[in-house]
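A short worksheet on the structure shown next.
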Amino acid sequence: MKSIFSVFKKGLKKTKTSLSRTISGAITGNKAWNDEVYEELEAALIQADFGVQTALGLVEDIRDRYKCGDIATSAEIIDVIKEDLEKRLTSDSREINFQRDGKLTVIMFIGVNGSGKTTTIGKLAHHLKSEGKKVMLAACDTFRAAAVEQLKLWGERTDCPVVAAQHGADPSAVVFDAVSSALAKEADVLLIDTAGRQHTSKGLMDELGKICRTISKVYPNAPHEVWLTVDSTLGSNAVTQAKEFTKVANITGLALTKLDGTGKGGMAVAIHEQLQLPVFFAGFGEQVSDLQPFNADYYISAIFDKE
Ligand code: GDP
Ligand code: MG
């Protein structure tokens with residue numbers, strides 16, 4: 001079996017390559033540690049999509065520690081960066097809000113079209129099943145015909161029942177059936193797929209609100225988690241997009257997708273910094289086993305450690 005760290009390492013290879021090139025360019029050699037070096041380092045961190053705020057904070061920390069004589073080599077700079085990022089990424093981490101005593105946990109996924117909701121649900125279903133949980137899926141993206149079929153396919157692949165209706169059906173009606181059925185069948189987890197038309201569309205936001213209200217009517221206090229799927233390949237644009245969603249939905253966490261396809265993996269830090277939401281899962285590909293619980297330690301080591 002592949003180790004989880006090796007999945008992070010392979011998935012973040014592009015980020016590591018692009019970042020180590022620019023970072024080593026800035027800090028290696030016998031350069032004097034002057035403003036120019038600090039600016040280069042700042043630029044390298046911003047380019048890897050760690051976010052302006054994080055880059056400025058990191059460089060300030062490095063500058064202070066250098067002045068105090070705490071650090072003197074480029075290896076020590078990397079250590080400071082790693083330590084600092086770890087602190088940032090774990091600042092608000094928490095366990096998933098799973099209901100205890102065999103009670104149903106409802107997790108709803110939101111995010112723009114193409115961000116990876118359906119695929120993440122499929123992979124998560126596989127992950128939760130491997131932990132022995134009884135999982136059901138709800139196809140509430142009734143806007144696109146292909147979306148319902150896509151989720152049904154994941155249901156077959158992972159052997160999880162899918163509650164679905166015709167293309168064009170009212171998503172609230174689907175979710176009503178799905179929650180009722182998951183409660184009746186004593187499922188452990190219900191994963192709800194939703195439509196992702198543009199986040200600026202009021203129609204979509206009203207629809208998400210209606211789905212949430214229907215869920216809690218059938219099952220008070222649910223959904224227990226509302227996760228935003230974020231396409232990592234968009235880099236800092238994903239942060240802007242995500243902020244729009246926080247205005248209209250009570251998001252409780254993030255699932256970062258497509259970390260395998262981008263040199264912009266630093267955005268995990270930027271988005272966390274900007275939204276102050278825990279990152280629960282990271283997607284590294286399209287296969288069932290390509291989703292892993294997000295692990296700050298692995299993430300940082302995969303980007304910064306030598307082979
Ligand atoms: P949705 O519209 O939000 O439901 O997005 P989908 O789940 O349909 O995903 C959109 C596309 O991104 C599909 O082609 C997926 O296979 C692909 N995708 C999703 N997650 C990942 C990932 O972690 N890595 C890669 N490489 N592709 C992904
Ligand atoms: Mg979908």
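The values are calculated or read from the model by the stated rules, or taken from the named source; none is laboratory data. None of these values were measured; they are calculated from a predicted model. With ideal geometry, Cβ positions are generated from the backbone for all residues, glycine too; neighbour counts draw on all protein chains shown.
A few remarks follow.
- Of the residues making up the range 248-261, not a single one is farther than 26 Å from L128 by Cα and within 16 Å of ligand 1 (Cβ to nearest atom).
- Test result for D101, touching a His at 6+ places or on another chain (Cβ under 9 Å), among the acidic types (D, E) and more than 16 Å from ligand 2 (Cβ to nearest atom): no
- Filter pass, T229 being surrounded by 19 or more Cβ atoms within 10 Å (Cβ to Cβ), within 26 Å of Q99 (Cα to Cα) and in contact with a helix residue (DSSP H, G or I) (Cβ under 9 Å, 6 or more places away or on another chain): yes
- If only residues of the range 189-235 that are within 26 Å of E286 (Cβ to Cβ) and of a type in the set (G, A, S) are counted, the one that is farthest from ligand 2 (Cβ to nearest atom) is G235.
- Residue match in the range 188-199 (condition: surrounded by fewer than 22 Cβ atoms within 10 Å (Cβ to Cβ) and more than 26 Å from A268 (Cα to Cα)): yes
- Here is the figure for the range 111-127: residues that are within 16 Å of ligand 2 (Cβ to nearest atom), modelled with pLDDT of 95 or more and not polar (S, T, N, Q) total 7.
- Of all residues in the range 201-212 being touching a residue at least 24 places away in the same chain (Cβ under 8 Å) and surrounded by fewer than 18 Cβ atoms within 10 Å (Cβ to Cβ), the one that is farthest from G265 (Cα to Cα): K210
- Taken together, the residues in the range 151-168 that are away from ligand 2 (no atom under 15 Å from the Cβ) and either closer than 13 Å to T120 by Cα or part of a loop (DSSP other than H, G, I, E, B) (or both) amount to 7.
- Pairs where the first residue, in the range 105-121, is touching a residue at least 40 places away in the same chain (Cβ under 8 Å) and the second is near ligand 2 (Cβ under 9 Å from one of its atoms) and among the aromatic types (F, W, Y), C-beta under 8 Å, 6+ apart: K117/F109; T120/F109; I121/F109
- Selection over the range 70-125 of residues that are of a type outside the set (A, V, I, L, M), within 16 Å of ligand 1 (Cβ to nearest atom) and not in a strand (DSSP E or B) gives a count of 11.
- Here A187 does not fit the description of being part of a loop (DSSP other than H, G, I, E, B), more than 15 Å from ligand 1 (Cβ to nearest atom) and farther than 17 Å from H126 by Cα.
- Residues that are surrounded by 12 or more Cβ atoms within 10 Å (Cβ to Cβ) and either of a type in the set (G, A, S) or closer than 24 Å to S301 by Cβ (or both), drawn from the range 22-39: T22, I23, S24, G25, A26, I27, T28
- Residue-level check: of (1) in contact with a helix residue (DSSP H, G or I) (Cβ under 9 Å, 6 or more places away or on another chain); (2) part of a helix (DSSP H, G or I), S181 misses just (1).
- Assessment of the range 213-225 against the conditions (at negative phi and in contact with a Gly (Cβ under 8 Å, 6 or more places away or on another chain)) yields at least one matching residue.
- So V163, is it surrounded by 21 or more Cβ atoms within 10 Å (Cβ to Cβ), in contact with a helix residue (DSSP H, G or I) (Cβ under 7 Å, 6 or more places away or on another chain), free of Cβ contacts under 8 Å to residues at least 40 places away in the same chain and of a type in the set (V, I, T): yes
- Here is the figure for the range 128-150: residues that are crowded, with 19+ Cβ neighbours inside 10 Å, part of a helix (DSSP H, G or I) and more than 10 Å from ligand 2 (Cβ to nearest atom) total 1.
- 1 or more residues without any contact (Cβ under 8 Å) to a residue 24 or more places away in the chain: qualifying helices (runs of 4 or more DSSP H) within the range 219-307: 236-248
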